[in-house]
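Below is one structure, written out as structure tokens; the observations come after it.
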Amino acid sequence: MIKLSAKTIDAELKNLKGWTIINNKMHKEFEFTDFNQAFGFMTRAAMHIEKMNHHPEWFNVYNKIVVDLTTHDAGGITQNDINLAKILNSLE
């Protein structure tokens, strides 16, 4: 995987609702009605994540999930991060 340029990342973010860049990582906070909805989202996402073999940094408290995406091997954001963000948005 190749680290994307800031210009490419900015262009992609325009099509990714809710995603921003924080600490050189793609960042989004998801909020659900309750813990079951949040956990269900994580479970559905996990199936896609395993297929991609691209694991996010995520944190869950009750109905909120905070996700940060970066590709450590590439030293920044790659197309894998963009693709996973699209998948996570589609599961929301």
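The values are calculated or read from the model by the stated rules, or taken from the named source; none is laboratory data. The structure displayed is predicted, hence computed values, not measured ones. Note: ideal-geometry Cβ built from the backbone for every residue, glycine included; neighbour counts use all protein chains shown. What goes into the accessible areas is simple: the full protein's heavy atoms, side chains included, and nothing from ligands, DNA or RNA. Shrake-Rupley method; radii C 1.70, N 1.55, O 1.52, S 1.80 Å.
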remark   = the chain, Gaussian network, Cα under 10 Å: of MET26, MET42, MET52, the residue fluctuating most is MET52
ask   = In degrees, nearest 10, range 0 to 90: what is the angle between the Cα axis of helix 79-91 and the longest Cα principal axis of the chain?
value = 30 degrees
task = For helix 35-52, report the angle its Cα long axis makes with the longest principal axis of the Cα atoms of the chain; keep it between 0 and 90° and round to the nearest 10°.
result = 40 degrees
query = Tell me, what is the percent relative contact order of region 1-79, built from C-alpha pairs under 8 Å that lie six or more residues apart?
reply = 42 percent
request  = Please provide three numbers in whole Å: the alpha-carbon extents of the chain along the principal axes, with the largest listed first.
outcome  = 37, 24, 21
query = With every protein chain present, what is the per residue accessible area of the chain (1.4 Å probe, Å²)?
reply = 62 Å²
note = The FRET efficiency for ILE21 and PHE59, from their Cβ-Cβ distance with R0 = 22 Å and rounded to 0.05, is 0.80
query = How do LYS25, LYS3 stack up against each other in accessible area, from largest to smallest, with a 1.4 angstrom probe?
reply = LYS3, LYS25
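Would you mind calculating the gained length between MET52 and ASN89 on full extension (0.36 nm times residue separation, minus the Cα-Cα distance), in nm to one decimal?
Computed gain between MET52 and ASN89 is 11.7 nm.
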request  = For the chain, please report how many Lys pairs fall under 13 Å Cα to Cα, leaving out neighbours fewer than 8 apart on the same chain.
outcome  = 6
ask   = What does the charge add up to near GLY18, with Lys and Arg as +1, Asp and Glu as -1, over the other residues with Cβ less than 11 Å from its Cβ?
value = -1
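Roughly to the nearest percent, how much of the accessible area of region 1-91 is carbon and sulfur, given a 1.4 Å probe?
On the way: 2980 of 5610 Å².
Accessible surface attributable to carbon and sulfur in region 1-91 totals 53 percent.
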